[in-house]
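As structure tokens, the structure follows; a few thoughts come after it.
The values are calculated or read from the model by the stated rules, or taken from the named source; none is laboratory data. All of these numbers come straight from a predicted model, not from anything done at the bench. All Cβ positions, glycine included, derive from the backbone under ideal geometry; neighbour counts span all protein chains shown.
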Amino acid sequence: MKKIDKRDIITFFIILIFALILFAGYLTPHFATDTYRVYDRTYTGYSKENSLLDGRLIQFTILNILNFFNVPIHIATIILTILALIVSSVSVLVLKKWVEKYKKFESITGQIFLTLVCFFTIFNFMYLENMYFLECLVMAFSVLLYIVSAKCIIEKGKFYFLKSMILMILAIICYQGTISCFFITVLVFSILKEKELKGIIKNIGISIGIGLIGVVLNIIIVHLAENFLNLVQNRDFALNKILKNLSYILEQFTVVLVFTGHLFYDYIFIIILLVLELLLIVKSVIKKDFKTNRILLEQFIILICGIGFAFIVSAYNLDGFWSGRIRFSIGATIGFLMLHLIVKTDLLEKNNIINILLKIVFIIYAVLICSCIVTNIETVKTVNKLDKEKSLEIGRYIEEYEENSGKTVENLAIIVEGGKTSLAYYSDLWYHGSITTCSAVRTEWAVTGVINYYNNLKLTEKEPTKQEIEQYRKNVDDKKYMCMDDTLYISCYMY
């Protein structure tokens with residue numbers, strides 16, 4: 001058994017402490033809109049209706065463990081966040097150790113910069129949405145497993161195909177949405193290791209084969225779950241929609257790159273990419289050698305594929321199209337470009353003007369990510385507070401209605417208002433349009449849970465009739481909720 005290097009243990013704890021500081025706001029109770037859904041459906045109910053039906057067997061298991069130990073949901077958010085940060089820190093260390101197989105760095109500054117690059121490759125601006133959800137742990141596990149699966153393909157050890165396939169399957173039953181991590185990792189490290197194009201193409205071919213096996217198995221699991229639970233998965237995986245989905249992706253991908261799921265500053269991702277590549281072009285012109293031109297070509301391939309891989313999930317299903325959690329490879333692209341430069345160039349060995357500028361640009365990028373993480377977490381806390389206040393306001397209204405009418409409110413009917421999605425967000429918060437600014441009170445899947453949670457109620461959802469909807473819309477005031485008989489009716493704009 002290989003002895004663990006003490007320096008790696010120290011490095012891991014430094015990474016973890018930095019992550020804990022950065023995500024300190026999530027080390028207290030916090031709620032995503034989906035978390036209220038879990039509360040309303042209970043751990044076991046949600047695990048069947050959502051996790052199992054989505055083929056996420058690991059999350060199904062975790063939720064049932066939480067149910068077995070009767071863990072309050074506000075405590076569960078903290079526990080799962082800490083565990084997710086630990087797993088993510090392991091991913092950072094694995095990435096760092098893997099890079100060091102191709103190039104050793106003895107200087108402290110070189111080690112620190114490499115660690116920073118690996119850290120923000122994993123904890124990228126898209127990844128902060130992963131940490132928002134109760135599923136943060138399985139998302140973190142999926143990223144780690146995809147990286148290790150990719151490593152098996154690149155390093156070609158004994159039974160590498162089988163090992164990679166098993167790890168891929170485990171990653172997919174954790175979380176499918178981060179699969180772009182697998183493909184971008186295979187591509188980048190193939191470029192780092194393989195000297196001939198044939199080797200790179202072979203690795204990519206193997207990764208596609210393993211990825212397809214994992215996806216097919218996941219679809220089988222979903223269908224088995226549907227039959228077992230006698231339910232229908234609400235995500236349509238019809239192959240005949242792929243061309244239509246690809247057309248939509250081509251129309252919208254530039255919007256994704258500009259606004260980055262409203263998780264990063266507008267246009268900054270593109271600006272950072274342009275500055276980095278322009279600096280490399282200048283370096284190429286100055287040096288006038290074939291090696292630098294080849295590095296530029298490899299950078300271009302990583303850039304294009306990093307963006308392209310992020311839309312793999314959307315190719316067969318457009319659900320969550322604007323979500324950062326399924327765009328991991330876009331968030332990780334700048335990090336992987338820097339890792340490529342660290343191995344293939346003298347970036348950390350020589351302090352010429354171009355190298356210094358490249359490092360400064362990356363440090364600016366890292367600082368901006370930290371800023372976005374902290375700001376988004378503060379926004380989540382503010383949204384939770386506003387949702388609580390609104391829920392308590394509705395709770396007081398219900399009490400007054402019951403006292404005046406002599407009726408008991410037992411049900412909640414959701415009136416979906418189509419085409420008004422913008423009204424589901426708290427417009428005066430940074431960043432308007434981000435999932436972190438979405439009001440649970442105005443979200444179809446969260447409203448029952450949030451009202452029940454803060455008022456300690458047990459309202460049951462019911463489907464409103466056409467006549468009830470017409471009566472509600474005729475009589476409701478600007479509050480956009482009202483009671484009729486034994487039911488609270490409320491407008492929702494996110495559905």
Does any residue in segment 384-413 that is within 19 Å of residue 446 (Cβ to Cβ) come within less than 7 Å, Cβ to Cβ, of a residue that is aromatic (Phe, Trp, Tyr) and at pLDDT below 95 six or more places away or on a different chain, and which pairs are these?
386/426
Suppose we keep only residues that are more than 21 Å from residue 405 (Cβ to Cβ) and of a type in the set (Lys, Arg) within segment 434-490. Which one would you say is surrounded by the fewest Cβ atoms within 10 Å (Cβ to Cβ)?
466
Within the bounds of segment 337-346, is there any residue that is surrounded by fewer than 17 Cβ atoms within 10 Å (Cβ to Cβ), out of contact with any Asp or Glu (no Cβ under 7 Å at 6 or more places or on another chain) and part of a helix (DSSP H, G or I)?
no
When only residues in segment 141-161 that are of a type in the set (Phe, Trp, Tyr) and touching a residue at least 40 places away in the same chain (Cβ under 8 Å) count, which is surrounded by the most Cβ atoms within 10 Å (Cβ to Cβ)?
141
Go over the candidates 357, 386, 392 one by one and state the one that is closer than 27 Å to residue 258 by Cα and either modelled with pLDDT of 95 or more or of a type in the set (A, V, I, L, M, F, W, C) (or both).
357
Subset of segment 23-50 (residues that are crowded, with 22+ Cβ neighbours inside 10 Å and β-branched (Val, Ile, Thr))
33, 35, 38
Hey, any hits in segment 45-61 for a residue that's touching a helix residue (DSSP H, G or I) at 6+ places or on another chain (Cβ under 6 Å), in the same structural domain as residue 152 (by TED's automatic domain parsing), basic (Lys, Arg) and within 23 Å of residue 147 (Cβ to Cβ)?
no
Please work out if residue 83 is under 27 Å from residue 374 (Cα atoms), surrounded by fewer than 19 Cβ atoms within 10 Å (Cβ to Cβ) and touching a helix residue (DSSP H, G or I) at 6+ places or on another chain (Cβ under 8 Å).
yes
Just one listed residue, out of 187, 217, 170, is in contact with a helix residue (DSSP H, G or I) (Cβ under 9 Å, 6 or more places away or on another chain), crowded, with 22+ Cβ neighbours inside 10 Å and assigned by TED's automatic domain parsing to the domain that holds residue 130, and it is 187
